[in-house]
Structures are given as structure tokens and as C-alpha cells.
Amino acid sequence: MEAVVAGGKTLQPLGNRMRSGETIPALTFPRFEPHFLRENWTLPAVLAHHAAIRPDAPFLSWTDAEEPLTFAGIDHLTNRIANSLARRGIAKGDRIALFLPNCRYFVPIWFAIAKLGAIEVPIGDTSKGDFLRHQLAITEPKLILTTRELSLRIDEVTVTRDCYETIVVPMDEEADVAPHGATSFEELLAGDPEPVVSNVASQDLSTILFTSGTTGPSKGVLMSHAQMYFFAEECAQMTRLTHDDVYMTSFPLIHGNAQILSVYAALIPGARCVVYPRFSASDWSRRVRASGATVTNTLGATMSFICAQPEGPNDRNNHLRCVYAAPLAPDLESIFRDRFGNVDFVNAFGQTEISLPFVTPPGAEVPEGAVGVLVDQWFDVMLADSETDEPVAAGCVGELLVRPKVPNIICSGYAGMPEETVKAWRNLWFHTGDAMRCDAGGWYYFVDRVKDALRRRGENISSFEVESVVRAHPDIEECAVVAAPAQEVGGEDEVKVCVIIRQGADFDPTQLIAWCDERLPYFMVPRYVETLDSLPRTASEKIQKKLLRDRGVTPQTWDRIAANCLLDRETRVEATTTP
């Protein structure tokens, strides 16, 4: 069977069947030829290419209500901004913070920074207080571009505005007037449109993207131009993007999902990208139709939120052909296709630090729960004991360790946190903190974050696997499983699930326990259930489990043992004591 990849080449997939009696090699992702040579793995080089060969083709749309910027149009606009920044003293290697929500100027500013060889530092518009102070302290930006409202938060965490030069970017229908001590964005737009001579190499630092900070202070990931390009190239290959595609995103541009896996992924083959201010489940179907989207992605529980919306008569009236679902909930796949059309689902697994070591091959039948196969053309990986770094036995769960086969396609470390860099890169492997397993066919499965795994009465428990079962219950909109301290010596952990109930559901925790008992080993069935209105999340929509663990067992927590809701194999004594 042949596989066609985005670059237009027909390649033979690895892992073909052997003759009778021989082993079947583990499946890996088909080898691919990137769209650009490695020396041109920089954003300025990719943009210049399309501006030269496809100047009038549409590239970037701010929502579906405005005319898109062409490749020539965004090239000229970013020249003006870049030349204005250069006139203000910004040079190669300077760090520029983008403390902004999604807005029409975000991408042009990012591209202008790249043209100068300066370093983009996106900071989420939800940051404030010590969280914001930490991000500014470890990145030390020379300049901050922000909004009038957000500039007040900067004043709160700095002794004086003189610590940073600030440029205020106007939001929609907002007058371009800067507060005292700041500069108006209008001055940047009035810059010289002459082409910027970019002295940027692929190994140069491009961006500092922040991790979610779910277990501690957020870390600023040092990403080269080569990594940013390659990360986006992988998405282009996975979704088979061409210049005829339209990629829709509504996720925050301060994170890799929207910035790298949407905007940059569309740029590489010369596709069009449509950006919205924020995700809206109720408006998602209309946006797909109005934007003409052929490709989009979902993140976390967003597919569940989309499918929970009332059905409309025009839901299938769209051009959508591919959805990058990270992750894809098996119970929602058929629901989504029945409602919105027979789209292809693709998946991958990675982190901001490591790009995408695992991707689903085109046309492959994906085992339930698998996140992809190894992209072994570009990565070495090992599943190892998280304490010793020794490889685990085949089929066993281990921490994912990664290293690249070519330079600069994963991060070089963390900004301002050398101890975290050394810790992550010990023994010359990057330690992801993700527990995974691999089957004999070469498919990899995410098990849990190493720090989120539970151990109850001698049994290791994946919170991810318990969540998959709980989330499938018809009354549950979203959930998070965490460890609660066991009351008895030797009990280790008890399983607690925090749930958000679907609107209108008549939720009974005993029914949820019965549901879990039918689908999980007895030791994985939650003891504690707590109903919440919302789950604490980061700006990238990741659940902050540390905050949930810190809550422990509260007066609002339902305890199935106290409620005498016992499993078949339990008596009250067995349920509350160590076996």
C-alpha cells in the first residue's frame, strides 16, 4: 500500500508484512520530504517564498467577516512593523513580549519580529500578579506589546514602567490611543514598507513559548526557527495540507496549537488560515461553513462541547475534510461524523519542547487509544524507568525520553531556569514526564503524566484511563481524576473524580460508580466523587490537577464507602482497610 504525503511524493510505508514465519516490523510514520530545505527552515524564508511566487493568493483572515491578507499584503505589513521596531532599536536577539489576546495584529507582529531575528515571547492575556511577574522576570523582554487594559497589569507587577518599553495595540473598535508612558501602535504601522533584509539562520532562537504550569511555575521553552518550522511541517504532513486548503483556528495564539499547528502549518504549503478571537462551541458549525474551512483541530474536551450543541439543519453543509483531534474520544467519533460529515481524523502526540514524535499514518486503522506511531526518520525515543532512566521491558509503561536525529528540531532548554534545563536533559535524553507504552505493532499509547499517576493498594492506576470511562457517561460533560490521600497506613492513594454535570442531567453518583464498575478493574473505580461548576484550567485549557489534588476530600465530596456503595467484591472492612 502506498502513502501520499503533503509534499506530493509517493512513498512506501514502513512496517509492511513479511513472508510467513517472519516477524512484522513495527509500523512507523512514512518518510517525508519537507517543503523547504533545512537551511530555509525560518519563518522569513517561508514567507518570502510565498510572497514571491503567490503574491495575490489569500493567506490570513481575521474571522470570516473581513477580506483576507494576501501573501504580498502580509509581507508589506510586516515590513512596516519590522522597520518601525528596528528604528526603535530592536535588533537580532532582542526579546519582545506579546501580552495580547487573539487579535488582528497578533500574527503580523509575530512575523515582523521574526524578520528582525528578534525573539517572540507570547504571554497569555490571563496572566497577572506573581504569575505575570515570573514570566517577565525569566524572559527579560526589551519591549512589550499589549492592550490598554492589560498594560495596567504590567504596572502592578513592575516598580516602574521604565522597566520595559510598552507599545499598546488597539482592540476591535478601540481608539488607537496609548496611556501615559506607552507608545501608540499607529507609529509601528507608519513604518517604511521597504523589504527587511533578514539575517536569520535556522538554528537561531525564534520563540519562547510557555508551558501550561499545571504542576509549578510555567517554563519558557527555548525554540529555534528550525523547531518552529519542523513542528509546523509535521502538522502539514499529517493533515496533508496543500495551497487549496483553509485552516480554521480559534485557540490562543500565545500557544503552539494555534501558532505552530495552525497558522505556521498553513503558511508552509501556502494555504489560507482563518483566526477567531476565541473558541465558541455554539458558533463552531457556522464558522466552519462561513470560513470555508477544510481543516481544523480540536483540543481537549472541545469536541465534546461541539457535539453537545443543538443540531442545526446546515451542520453537514461544509467543506471540512480533516480534523486534527488531540485527543480523539472514540465515543464521539461516530457522533461527529454523522452530524458534520465523513471527515478524516488524525492524531499526534508531542509537547512544546519536543515537537511531534508520534503521528498517525495516513489511511491507517488506528487502535483504540493509540496516539500514533514513531516518526523514526527524525526522532529516537525510549520508554524508561523514571527513577533510573533504564529502559523498561517491551510492552511495559515507562517515561517517554526523546532525542532528535537532526539538530534543532526540539527545544534547547528553558529560559532563565537552568536547573530545569539540566533536569530535563539529564543523560542526554529529554525527559517528557509522560508515561507511555508501546504495543508490538509500533503504536504508542499515552498512559498519564508521571506525576498524575496513582497507586492504590499495590496497583498502578492511570488517571487518563479512568477519565476516559467517566467522560463517556451520558451525564458527565467533563472530569478530572486525581489522587486523594488514603486514610489507612499502606493504602497509598484513593481515586477521586471531579465532575462537571451536563445541563439538565439528574446526576446520581451511585449510577456513575455502577457505570465504572462495569468498565474498569475494581481497584480503579473511584471512591470519591465531587461535583464542580468548572475545572481549574490554564490559558491553554489544560486542567490544573495540582489545584484539584490540593483540595483533597472536602465537605462537598461524596464518599461511596460512607454511602455504603460497595463493589461486589468488597465488604465494608475490605473497602476501608489495606488488603
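Bear in mind that the values in this text are calculations on the coordinates, not laboratory data. All values reported here derive from a predicted model rather than from experimental measurement. For neighbour counting, all protein chains shown are included, and Cβ atoms are generated from backbone atoms with ideal geometry for every residue, glycine included.
Within the chain, which is the longest segment that contains none of the trypsin sites (Lys or Arg not before Pro) sitting in a DSSP loop with at most 12 other Cβ atoms within 10 Å? Each step should come with its number before you reach the end.
On the way: sites that count: 9, 17, 19, 278, 405, 569.
Between exposed loop sites, the widest span is 20-277.
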Semi-axis lengths (Å, descending) of the ellipsoid that matches the C-alpha gyration tensor of segment 384-440: 23, 13, 9
Förster radius 56 Å - calculated FRET efficiency between residue 337 and residue 187 (Cβ-Cβ, nearest 0.05): 0.65
Spatially proximal aspartates and glutamates relative to residue 405 (Cα-Cα < 17 Å; intrachain offsets below 8 disregarded): 33, 39, 233, 234, 353, 376, 380
Largest-first principal axis extents of the Cα set of segment 173-329 (Å): 50, 40, 39
Estimated FRET transfer efficiency (residue 419, residue 128; beta-carbon r; R0 22 Å; 0.05): 0.30
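To one decimal place, what Kirkwood hydrodynamic radius in Å is obtained for segment 453-576 from all pairs of distinct Cα atoms? Before the final figure, lay out each step's value.
Details: mean 1/r = 0.0681 Å⁻¹.
Its Kirkwood hydrodynamic radius stands at 14.7 Å.
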Amide N proximity, segment 102-145 versus residue 201 label position 7 Å along Cα-to-Cβ, cut-off under 17 Å: 116-119
Share of alpha-carbon pairs per 10 Å distance bin for the chain, given as whole %: 3, 16, 26, 27, 18, 8, 2, 0
Rel. contact order, % - alpha carbon contacts under 8 angstrom, at least six apart, the chain: 11 percent
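Between residue 551 and residue 388, what is the FRET efficiency for a Förster distance of 41 Å, r being their Cβ-Cβ separation, to the nearest 0.05? If you can, show how the numbers build up before the last one.
Values: r = 33 Å, r/R0 = 0.80.
Working from the Cβ atoms, E equals 0.80.
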Likely footprinting exposure, 507, 336, fewest C-beta neighbours within 10 Å first: 507, 336
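Report the net charge of residues surrounding residue 88, where surrounding means a beta-carbon distance below 12 angstrom and charges are Lys +1, Arg +1, Asp -1, Glu -1. Let's see the in-between values first.
On the way: positive: 87, 142; negative: 94, 165, 187.
Taking every Cβ under 12 Å from that of residue 88, the sum is -1.
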Separation in nanometres of the label points that stand 7 Å from Cα toward Cβ, at residue 37 and residue 244: 2.9 nm
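Using the structure shown, select from 115/542; 128/546; 115/451; 92/451; 92/545; 423/542 the pairs with a Cα to Cα distance greater than 28 angstrom.
115/542; 115/451; 92/451; 92/545
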Using alpha-carbon coordinates, inclination of helix 43-53 to the longest axis of the chain, degrees: 60 degrees
Listed peptides 243-249, 328-334 by packing density, highest first (mean Cβ within 10 Å): 243-249, 328-334
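Only counting other Cβ atoms within 10 Å, I'd like 306, 119, 113 sorted with the fewest neighbours first. Kindly include the intermediate steps, with their values, before the conclusion.
Numbers: 306 21, 119 24, 113 27.
Fewest-to-most Cβ neighbours within 10 Å comes out as 306, 119, 113.
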Principal axes of segment 321-457: Cα extent on each, largest first, Å: 50, 42, 28
Descending semi-axes in Å of segment 431-508, equivalent ellipsoid built from Cα gyration tensor: 25, 20, 10
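Hey, fewest Cβ within 10 Å first, where do 557, 207, 166 land in order? The partial results should precede the final answer.
Numbers: 557 17, 207 26, 166 22.
Fewest-to-most ranking of 557, 207, 166: 557, 166, 207.
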